[in-house]
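Here is the structure we will look at.
The values are calculated or read from the model by the stated rules, or taken from the named source; none is laboratory data. The structure displayed is predicted, hence computed values, not measured ones. Here the Cβ positions follow ideal geometry from the backbone for every residue, glycine too, while neighbour counts run over all protein chains shown.
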Amino acid sequence: MKTVLVNIVTPDGPVYDSEVSMVIAKTTSGEIGVLAGHIPMVAPLAIGAVKLKKEDGSTDIVAVSGGFIEVRPEKISILAPSAEIAENIDVQRAKEAVKRAEGRLQGKQDNIDFKRADLALKRALNRINVHEGNI
Amino acid sequence: MVNLREIKGRINSTKSTKQITKAMQMVSSSKLRRAEQNAKAYVPYMEKIQDVVGAIASGTKDSGHPMLTARPVKKTAYLVIGSDRGLAGAYNSSILRQVQRTIDERHKSKDEYVILAVGRVVRDYFVKRDHNVVSDVVGLPDQPTFADIKEIARNAVGMFIDGTYDELYMYYNHFVSAIANEVTEKKLLPLTDLAPASSNASYEFEPSGEAILEVLLPQYAESLVYGALLDGKASEHASRMTAMKNATDNASDLISDLSLQYNRARQAAITQEITEIVGGAAALE
């Protein structure tokens with residue numbers, strides 16, 4: 001099967017760089033699967049997991065918190081404010097973030113803070129899910 | 001003998017000062033190395049996002065997105081990036097002088113502009129002079145991560161969108177080399193001078209160009225702020241290193257001058273003692 005180079009880049013440096021045969025990402029308008037040779041495309045990503053199927057059948061999973069995916073026939077780039085490979089996720093920290101966000105959500109219904117806590121909760125839950133592999 | 005002891009005391013205190021400045025110089029140089037690495041790690045992200053934003057913005061002409069549209073300027077904002085601590089030579093003062101001069105040139109009253117301050121020195125300077133500081137960040141770590149500045153970047157972009165101000169300039173020290181940096185002014189918003197894409201690829205947009213700009217432009221502006229901050233941090237460490245190096249050199253000069261004085265005084269004292277003894281012996285004969 002043909003492979004394509006995938007880069008996942010964050011402001012704090014590159015996170016992932018490898019040849020894969022298929023990328024499955026969650027965009028704001030639904031899940032997409034991208035194979036090598038896809039026409040150029042750009043789509044914003046939702047908070048979620050990116051699954052990278054490798055040629056040998058194994059799958060790498062990366063948690064991303066938003067950003068977007070840029071597809072070119074020979075190269076796929078994902079740019080996100082933050083991204084972690086499943087093995088490198090600090091679950092302890094994510095669990096604390098969940099608790100903090102849940103506390104805030106129960107507290108007040110102030111519009112902006114509410115939204116922010118909601119996003120923080122989603123990001124933390126996403127990290128935990130990706131780490132535990134239930135996606 | 002008071003004179004001798006006095007000089008000895010000054011030599012000792014200069015020596016301990018020198019030790020401190022020397023240590024600070026070494027700390028700064030290792031921090032500078034880290035800051036340079038951070039700045040380097042950030043380059044691929046910046047290049048990529050610039051590429052994509054350029055491609056999309058040139059592909060969807062007249063998108064009417066608020067961040068791309070220049071409007072009549074009623075209020076200007078200045079985002080000034082400085083440091084929390086001093087002892088960094090002219091790092092803060094050069095940037096503050098430049099901003100102050102620009103403000104004096106462009107504006108007549110204090111209602112025409114607002115300040116967003118990064119760094120304690122910057123904030124204190126503008127607050128003391130009664131400028132309108134709408135947002136500030138202090139206590140940033142020496143190696144900031146994207147999460148640390150997300151707040152101010154989002155604020156800066158948000159206030160532009162909701163019309164608090166109509167243009168946003170960014171001031172920071174650009175890192176040229178370990179011994180040189182220059183104050184840089186950058187117009188952040190509106191994003192009028194987007195470089196057209198080098199790749200010239202025509203993209204499919206999922207769901208639409210406008211929807212992507214909606215996500216992409218704030219992220220782009222935030223990343224510009226982050227880039228400037230990394231650049232500023234690198235030059236902060238560099239100028240602190242240079243300042244401390246100068247201080248160490250000065251201390252060395254001072255010590256050698258004082259040692260010379262000390263030896264002279266010591267010799268004079270000995271000569272005097274001998275003269276006294278010889279004089280005393282002569283008087284006895």
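Close Cβ contacts (under 9 Å, 6 or more residues apart or on different chains) running from residues in the range A:69-93 that are more than 9 Å from chain B (Cβ to nearest Cβ) to residues that are assigned to a strand (DSSP E or B) and among the charged types (D, E, K, R) comprise A:ILE76/A:GLU70; A:ILE78/A:GLU70; A:ILE85/A:ASP60; A:ALA86/A:ASP60; A:ASP90/A:GLU84. The set of residues in the range A:52-68 that are within 14 Å of chain B (Cβ to nearest Cβ) and either outside any strand (DSSP E or B) or under 23 Å from B:ALA55 (Cβ atoms) (or both) comprises A:VAL64, A:GLY66, A:GLY67, A:PHE68. Of the residues screened, A:SER18 is not one that is within 14 Å of another protein chain (Cβ to nearest Cβ), of a type in the set (Gly, Ala, Ser), over 23 Å from A:ILE128 (Cα atoms) and part of a strand (DSSP E or B). Checked against the criterion of being at the interface with chain B (Cβ under 8 Å from one of its Cβ atoms) and assigned to a strand (DSSP E or B), the candidates A:VAL23, A:VAL9, A:VAL34 yield just one match: A:VAL9. When the range A:101-116 is examined, which residues are found to be part of a helix (DSSP H, G or I) and away from every other protein chain (no Cβ under 14 Å)? Selection gives A:ALA101, A:GLU102, A:GLY103, A:ARG104, A:LEU105, A:GLN106, A:GLY107, A:PHE114. One residue alone among A:GLY107, A:GLY33, A:GLY67 is modelled with pLDDT under 85 and of a type in the set (Gly, Ala, Ser), and that residue is A:GLY107. Of the residues making up the range B:67-81, those that are under 14 Å from B:GLY163 (Cα atoms) and either among the hydrophobic types (A, V, I, L, M, F, W, C) or assigned to a helix (DSSP H, G or I) (or both) are B:MET67, B:LEU68, B:ALA70, B:VAL73, B:ALA77. Could we say that B:PRO207 is in contact with a Pro (Cβ under 9 Å, 6 or more places away or on another chain) and either more than 14 Å from chain A (Cβ to nearest Cβ) or assigned to a loop (DSSP other than H, G, I, E, B) (or both) here? In short, yes. Against the test of being in a loop (DSSP other than H, G, I, E, B), of a type outside the set (Val, Ile, Thr), within 27 Å of B:LEU230 (Cα to Cα) and modelled with pLDDT under 95, the options B:ASP51, B:ASP84, B:ASP62 yield a single qualifying residue, B:ASP84.
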